[in-house]
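A.B. asks: Would you mind keeping the following structure in view while I ask a few things?
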Amino acid sequence: MRHLFVIASAIAFSSSAEAVRPGDRAPEFRLKNLAGETVALSSFRGAKVVLLDFWASWCKGCKKELPALHALARARQKDVVLLAVSLDRDVADARKFQGATELPTRSVLVDPDATVFDAYEMVKLPSLIVIDRRGIVRFVHGGAERNLVKTLTAEIDALGRGK
């Protein structure tokens with residue numbers, strides 16, 4: 001029932017505050033990517049800033065945001081990784097979207113039961129969390145935002161300076 005409420009809230013772009021806040025340790029998870037590999041959040045600790053993006057193929061804001069996030073992560077691949085967590089119940093929908101946007105299959109993780117989405121207690125789609133190299137949540141973005149790439153670039157740069 002919680003999953004239905006979360007999806008309904010996401011569709012309505014609820015204004016409720018997110019439970020995961022800057023300064024919190026990012027909840028650990030392990031999900032399969034579209035290449036069939038298991039990806040653990042902790043595998044990036046110490047190495048890269050993680051852009052953790054929750055999306056679904058039916059979400060209009062997600063369709064606009066994900067290609068821009070992919071371009072940013074590709075341009076900053078030395079210090080940034082994009083983990084695009086699909087909430088599509090049917091993995092085929094995530095694959096179709098991934099193919100149309102040219103997101104790498106290794107970057108697209110599947111969470112059809114919204115287990116990780118629920119663990120982070122997100123309420124909007126898209127939702128993006130910036131996690132530093134120590135595994136700490138530094139920034140939380142909910143819903144489609146104007147100038148997100150510009151904002152993220154500044155946030156990533158600030159993290160590179162040790163903030």
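The values are calculated or read from the model by the stated rules, or taken from the named source; none is laboratory data. Keep in mind the model is a prediction, meaning the values are calculated, not measured. Here the Cβ is made from the backbone with ideal geometry for all residues, glycine too, and neighbour counts use every protein chain on show.
A.B. asks: Would you call A94 over 20 Å from E28 (Cα atoms), surrounded by fewer than 15 Cβ atoms within 10 Å (Cβ to Cβ) and out of contact with any Pro (no Cβ under 7 Å at 6 or more places or on another chain)?
C.D. replies: Spelling it out, it is not the case that A94 is over 20 Å from E28 (Cα atoms), surrounded by fewer than 15 Cβ atoms within 10 Å (Cβ to Cβ) and out of contact with any Pro (no Cβ under 7 Å at 6 or more places or on another chain).
A.B. asks: Given the criteria part of a loop (DSSP other than H, G, I, E, B), buried (at least 20 other Cβ atoms within 10 Å of the Cβ) and at pLDDT below 95, does L103 qualify?
C.D. replies: Judged against the criteria, L103 is a match.
A.B. asks: Let me ask you something else. Among the candidates I156, I129, single out the residue that is surrounded by 15 or more Cβ atoms within 10 Å (Cβ to Cβ) and more than 14 Å from the chain's Cα centre (by Cα).
C.D. replies: I156
A.B. asks: Now a separate question. Residues to consider are K78, K64; find the one that is on the phi < 0 side of the Ramachandran plot and either buried (at least 24 other Cβ atoms within 10 Å of the Cβ) or assigned to a helix (DSSP H, G or I) (or both).
C.D. replies: Selected residue: K64, the only one of K78, K64 that is on the phi < 0 side of the Ramachandran plot and either buried (at least 24 other Cβ atoms within 10 Å of the Cβ) or assigned to a helix (DSSP H, G or I) (or both).
A.B. asks: Pull up the stretch 40-61, narrow it to residues that are within 14 Å of I131 (Cα to Cα) and of a type in the set (F, W, Y), then point me to the one that is surrounded by the most Cβ atoms within 10 Å (Cβ to Cβ).
C.D. replies: F54
A.B. asks: Okay, next question. For residues that are over 26 Å from D132 (Cα atoms), assigned to a helix (DSSP H, G or I) and not basic (K, R), tally how many sit in the stretch 83-100.
C.D. replies: 7
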